[in-house]
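This report refers to the structure that appears directly beneath it.
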Amino acid sequence: YPNQSGYCSTDPRNTIDSLALYTQNGDFEKGLYYAKILSNQYLKQTKYQELCHVVAHEAAIYNQLGDNKKSLEILFKTLKTIQNKNEDFGKVILLKKIAEIYTSMKDYKKAKSNLYSALNKMKTVKSDSLLNRINQSLFKNHMLTESDSSFFYLQKVNHYYKKIGDDLSYYILY
């Protein structure tokens, strides 16, 4: 949490927990303030992955406030900032969040485009859980557009849940 001097914890787990707490409590103004301080801090420290997590959360707050334009603006700005950096994990986080915003706007074509870009970047990122979240989003977008590909992504998501032994999620999705 920011104290009176504006200092914030830089532990990524605490950062996201604190941002989530502000959001859950409906204190969006403090959440945005905290996110801006952290984003600037991570940018100066060249901690791009942490920057991407904070910006994605900041965009989610703007999305909850109904300001999709601002959400997309900060996501694309950050994506451009890290464009030439070797930070594919962060780029995937941003692309997935961009897709979520487009999905909430019912612009499924742009949502899918960003999800496929994220999926392409996953070739260099080793994270089964992140890959599963992208496949879940692709499944959702294909379901919403009644695409034949939805079953393909359903199978991928089911396979992941079965693999990790998450029977509840597997059966709910099934």
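All of the numbers you see were taken from the coordinates with simple rules; none came from a lab. As the structure is a computational prediction, the values presented were derived from the model and not from experiment. For neighbour counting, all protein chains shown are included, and Cβ atoms are generated from backbone atoms with ideal geometry for every residue, glycine included.
What angle do you read, to the nearest 10 degrees and between 0 and 90, between the alpha-carbon axis of helix 150-164 and the longest principal axis of the chain?
That helix lies at roughly 70 degrees to the long axis.
Of Ser113, Ser169, Ile101, whose Cα points farthest to the positive end of the dipole of the chain (charges on the beta-carbon: +1 Lys, Arg; -1 Asp, Glu; origin at the Cα centre)?
It is Ser113.
Counting only helical runs of four or more DSSP H residues, what would the 222 nm mean residue ellipticity of the chain come to if each run contributes -39,500 (n - 2.57) and the total is spread over all its residues? Show your work: numbers first, answer last.
Details: 9 runs with 131 residues, N = 174.
Result for the chain: -24500 deg cm²/dmol, rounded to the nearest 500.
Tilt of helix 28-44 relative to the longest C-alpha principal axis of the chain, in degrees (0 to 90, nearest 10)?
80 degrees
Send over the semi-axes of the stretch 132-174's equivalent ellipsoid, whole angstrom and largest first, taken as the square roots of 5 times the C-alpha gyration tensor eigenvalues. Don't skip to the answer; put the middle values down first.
Working: eigenvalues 71, 16, 12 Å².
Those come to 19, 9, 8 Å.
How large is the convex hull of the C-alpha atoms of the stretch 33-174 per residue, in Å³?
Measuring per residue, one finds 120 Å³ for the Cα hull of the stretch 33-174.
Mean separation of Cα pairs under 8 Å and 6+ residues apart, divided by the residue count of the chain: what relative contact order is that in percent?
Numbers: 181 pairs, mean separation 21.8, N = 174.
Result for the chain is 13 percent.
Report the net charge of residues surrounding Thr81, where surrounding means a beta-carbon distance below 11 angstrom and charges are Lys +1, Arg +1, Asp -1, Glu -1.
So the environment of Thr81 carries a net charge of +3.
When the chain is fully extended, how far beyond the present Cα-Cα distance does Met143 get from Asp67, taking 0.36 nm per residue of separation?
24.8 nm
Once the Cα atoms of helix 108-121 and of the chain are each reduced to a long axis, what angle between those two axes, in degrees from 0 to 90 to the nearest 10, is obtained?
Result, in degrees: 80.
Not counting the cut sites, what is the longest span of the chain without trypsin sites (Lys or Arg not before Pro) that DSSP labels loop and that have at most 16 other Cβ atoms within 10 Å?
That would be 1-84.
Treat every Asp and Glu Cβ in the chain as -1 and every Lys and Arg Cβ as +1, leave all other atoms uncharged, and give the resulting dipole magnitude about the Cα centre to the nearest 20 debye.
Values: 25 positive and 17 negative charges, 124 e Å.
The calculated dipole for the chain is roughly 600 debye.
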